[in-house]
Each structure stands twice: as structure tokens, then as C-alpha cells.
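Colleague: Take a look at this one; I'll ask things after.
The values are calculated or read from the model by the stated rules, or taken from the named source; none is laboratory data. Note that this is a predicted model, so its numbers are computed, not measured. Positions of Cβ are backbone-derived with ideal geometry, glycine not excepted, and every protein chain shown enters the neighbour counts.
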Amino acid sequence: MKTFKSFVKSKLLSTSGNIVRNEDGNFAIIGAITIGVLVAGLSLAIDISNGWSAKQTLQDTTDAIALAAARSEIHNQTELNQIAQEYLDWKFPGESGALVNLESITRDGPAVTVLASNNQETFFAGIFGISGLGIKAASTAVYESRDLNLALVLDSTGSMRNATPTGGTRLDSLKSAGNDLIDLLGTSSGEVNVSVVPFALHVNVGTNLSRESWLEFPQTGSAPSNWDGCVGSRQAPLDTRIDSTVQRIPGVVGSRGCAITAVLPLTQNLTTVKNSINNIAAKGSTYIPAGIAWGWRTLTPTAPFTETRNQDSARTDNVMVVVTDGNNTRSKDGFTHELRNRNGADTTMVEMCENAKRDNIEIYTIALEIKDDKTLDLLQGCASGSGNFFSAANGDELGNAFNQIAISLSTSRITS
């Protein structure tokens, strides 16, 4: 880098000298000054841009350290320093203690504050004697007890019987990862409520709900004795909304594409949740909007499910995790989902995801062994942010995705 600076400096001086010796006199002097100013401005602009990028990286780093330390509930100063330094060594290999420095990490009750600095080396401005940019970043995180309502919207279509590269079937991997997630969430200090929504062509809400006032049967007028719990969608635009007080939800009779396992509404009994996950069976085609609609419904206080009605919304997070191994293969056909218009189903899904997010539902999506770019884009767009989307190539990566989601659902948060 010094050789490059010396080269540029010599060229600038040479050019300026040539201009000064130009027989045009005053014009040569003005030209030399103008070029010097332009080069200086360009050099500073490039280095300032790099400085802003370094500042953001350092800020992200102090955020991560503060969150990790707050979650750990460690109070010992030596151990706090160790947490911070280990992260710096990982984030900036070979630079910690040189360019990047931990200024301080302190705990005040539940709050942890981290201050770090970075001497960002300049590339062009050094020609003019500016050897580095001093950058500092500070973050404060607190650990607070918050409650969680979590809807697990899980693909139970026939393709989930396919083998996964890490052994067993995709459904086996989903059950294992789901159980691990519940175990991790069970250690939370806040109240945890979980619903399970298996989906295929249609969702199964359970035959015990056949006489509910929010349900209607357009095909038969009333619930027949052989109704299997299958439900469809209302006409647009109500098919992307969930309030059943506006119009009743159609029950479907005789469909062979209904999810075998019924929806489990929100419950604090995590053993019941794990049993529901373990009982999922694979069958049928894929209509993802059905799963999202009923996952969303389990997280709201209005019928069909009212388990959230008396909860403190100010201290409760509502989260939906959507897992699928394929694209929408079917679409709406009246109140059923029997057509094969993929674009129509995708459009419905986009609108439904946006409506759910506007209803303060945080959405995570996981693509399991999906290679289709259109579906990957669809799932990434449905997620609440880029960090909420995961693409898992096998069962092990699915488990890792669930683990990362469990960590992100922890009750630490950045306050400044």
C-alpha cells in the first residue's frame, strides 16, 4: 500500500509540476490547484465511503456482542470481556488488538453496554497525510421476559415422504427439528404458547368444530356425518383475510387433499405440541396459502380460535414459522383448491403474507430441499426480513434453521 501511495503521490507532483511549467502562466497555476482539489476531494470521498461501511460493520458487531452477553446473564467482568473478545477474534480474524479494539463491556442490572473502536486505514487520503479514520460504535442490550405465541405451519403433503440426503424422510427431519425447537423454547423465562398447522391441499380444523357458527357448508347446507374437518377459502378478497365475522368459512366435503392431522390451537402444554408434530402424516398436493391463513388465525383473538383473547399484547410476540418442500401445485377453484394455476396461488400467497405482517405477525420461512428460484423468491418475500428466510438442503440444515430461529426468538433486544 505504501508503494502505491508513493507512486500516486509522485505522479500527482509530476503532473502538477508539468502544469506549473506550462508557458500559459496563470492558467497553469490555476489548473494545478484545481486538479489537486479534485483529487483530494475524490480521495476523501472514497475513504469516507469505506469508513461508513466499516462503521456499520462495527455497529453490527457491538449489537451482536451486547445481545449475546445479555442473554448469558453473566455478571463477572472477566467472563464478559471473554465473550466480547472471542466474538471480535471470530469476526475480525487477525485484526483484533490491532485495528479493532474492545474499549469496554459493562453490565448494569439487565443491561449490557459494549463500546468498540476501529482505526480504519485510508487508501487514497493517506497521500495527503490522513493515515486513518477513527471509528467508534456502542450498543446496549437488555434481557427482558416476554411471552411468545408461535404458529408452526408445516408442510404435510405427499412429497414430505421423500428421502432426505442426511437419512430418513423429509417429514422425519421436520419432526426431529420441530421437537428440538420446542425443547429450546421450553427454557424461556416467558410464557410460550404454540399452535401446529399441518397443511396440504386443504387444512383440517378437526371434526369437533362442525357446528361452530363461523363455519358453513356450501355443498350440503350443513355438516354431513362423514365430514373430515376439511376447510376451504372464501371468495376474493376475503380469501387473503381471516376475520370470520365478515363472512363464514366454507367447510369442504369429499376432498381427497385434506391434511390428515388436524390443527392444534395455541397451547402452553409443550408435550401436546410435540405429540401433534409427531402425529403428522404426509398426503396430498400443495396450497401454501391455506397453511398461512390458519396459522395466522391461531395467532389472533377472533374466532375461529380465541386463545390469545386475554393475553397482554404489549409484552407478547406473535410469530409464524412456515416450512415447505415445494411450490404451490394447486390454486383456488371457488371455495376449494383444486385448480392448477400456480401463478394465481403465488399471487394469493404474496397478498396473504403482506396482510399477516401488517397484522404484526413476524414470519419466518424455511425452504426444504427446494431448487426452484421462483419458489425461493416467493418464500423469501413472505418472510419478515432477509434474516427470517432459510434454505435447507437436507435434514441437518433444517435442524440448524430451527435452532437459529429459536435463538432469534430469545428475549434479548437492543435498546440503543
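Per-residue answers, yes or no, for (1) among the hydroxyl-bearing types (Ser, Thr, Tyr); (2) farther than 20 Å from Ser159 by Cβ:
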| site | (1), (2) |
| --- | --- |
| Thr272 | yes, yes |
| Ala282 | no, no |
| Thr286 | yes, no |
| Ala290 | no, no |
| Ala293 | no, yes |
| Ala303 | no, yes |
| Asp325 | no, no |
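Colleague: Tell me which residues, restricted to region 145-166, are loosely packed, with under 14 Cβ neighbours inside 10 Å and over 16 Å from Thr324 (Cα atoms).
Modeller: Correct list: Ser145, Pro165.
Colleague: So, in region 235-292, how many residues would count as being of a type in the set (Asp, Glu) and under 15 Å from Leu174 (Cβ atoms)?
Modeller: Counting residues in region 235-292 that are of a type in the set (Asp, Glu) and under 15 Å from Leu174 (Cβ atoms) gives 0.
Colleague: Residue by residue through region 172-194, note down the ones that are crowded, with 21+ Cβ neighbours inside 10 Å, of a type in the set (S, T, N, Q) and part of a helix (DSSP H, G or I).
Modeller: Passing the criteria: only Ser173.
Colleague: Of the residues Val205, Val252, Val196, only one is in contact with a Cys (Cβ under 9 Å, 6 or more places away or on another chain) and under 22 Å from Ile363 (Cα atoms); which?
Modeller: The conditions single out Val205.
Colleague: Please go through (1) more than 21 Å from Pro289 (Cβ to Cβ); (2) in contact with a strand residue (DSSP E or B) (Cβ under 9 Å, 6 or more places away or on another chain); (3) among the basic types (Lys, Arg) for Arg211 and return the number of the only condition it doesn't satisfy.
Modeller: So the condition that Arg211 fails would be (2).
Colleague: Still on this structure, I have one more. Could you check region 243-267 and list, in sequence order, the residues that are touching a Phe, Trp or Tyr at 6+ places or on another chain (Cβ under 9 Å) and touching a residue at least 60 places away in the same chain (Cβ under 8 Å)?
Modeller: Correct list: Ser244, Pro250, Val252, Gly257, Ala259, Val263, Pro265, Leu266.
Colleague: For region 97-113, does any single residue satisfy the condition of being part of a helix (DSSP H, G or I), β-branched (Val, Ile, Thr) and modelled with pLDDT of 85 or more?
Modeller: no
Colleague: Go through (1) of a type outside the set (S, T, N, Q); (2) closer than 19 Å to Ala406 by Cα; (3) touching a residue at least 12 places away in the same chain (Cβ under 8 Å) for Gly381 and report which single condition fails.
Modeller: Condition not satisfied by Gly381: (2).
Colleague: Can you find a residue in region 314-335 that is closer than 27 Å to Gly168 by Cα, without any contact (Cβ under 8 Å) to a residue 12 or more places away in the chain, assigned by TED's automatic domain parsing to the domain that holds Gly158 and of a type outside the set (Val, Ile, Thr)?
Modeller: Among the residues of region 314-335, not one is closer than 27 Å to Gly168 by Cα, without any contact (Cβ under 8 Å) to a residue 12 or more places away in the chain, assigned by TED's automatic domain parsing to the domain that holds Gly158 and of a type outside the set (Val, Ile, Thr), which makes the answer no.
Colleague: Same structure again: Could you please let me know if Thr286 is in contact with a Leu (Cβ under 7 Å, 6 or more places away or on another chain) and touching a residue at least 60 places away in the same chain (Cβ under 8 Å)?
Modeller: For Thr286, the condition - in contact with a Leu (Cβ under 7 Å, 6 or more places away or on another chain) and touching a residue at least 60 places away in the same chain (Cβ under 8 Å) - is not met.
Colleague: Same structure, new question: Of all residues in region 336-393, how many are crowded, with 18+ Cβ neighbours inside 10 Å, under 10 Å from the mean Cα position of the chain (by Cα) and not β-branched (Val, Ile, Thr)?
Modeller: Here the count works out to 7.
Colleague: So if I check each of Thr220, Thr166, which one is assigned by TED's automatic domain parsing to the domain that holds Arg297 and either out of contact with any Ser or Thr (no Cβ under 9 Å at 6 or more places or on another chain) or at pLDDT 95 or above (or both)?
Modeller: Working: Thr166 fails: either out of contact with any Ser or Thr (no Cβ under 9 Å at 6 or more places or on another chain) or at pLDDT 95 or above (or both).
It is Thr220.
Colleague: Quick one: count up the residues across region 276-293 that are closer than 17 Å to Gly178 by Cβ and not hydroxyl-bearing (Ser, Thr, Tyr).
Modeller: Here is the first cut: in region 276-293, the ones closer than 17 Å to Gly178 by Cβ are 276-282, 291.
Subset that is not hydroxyl-bearing (Ser, Thr, Tyr): 277-282, 291.
Total satisfying the criteria: 7.
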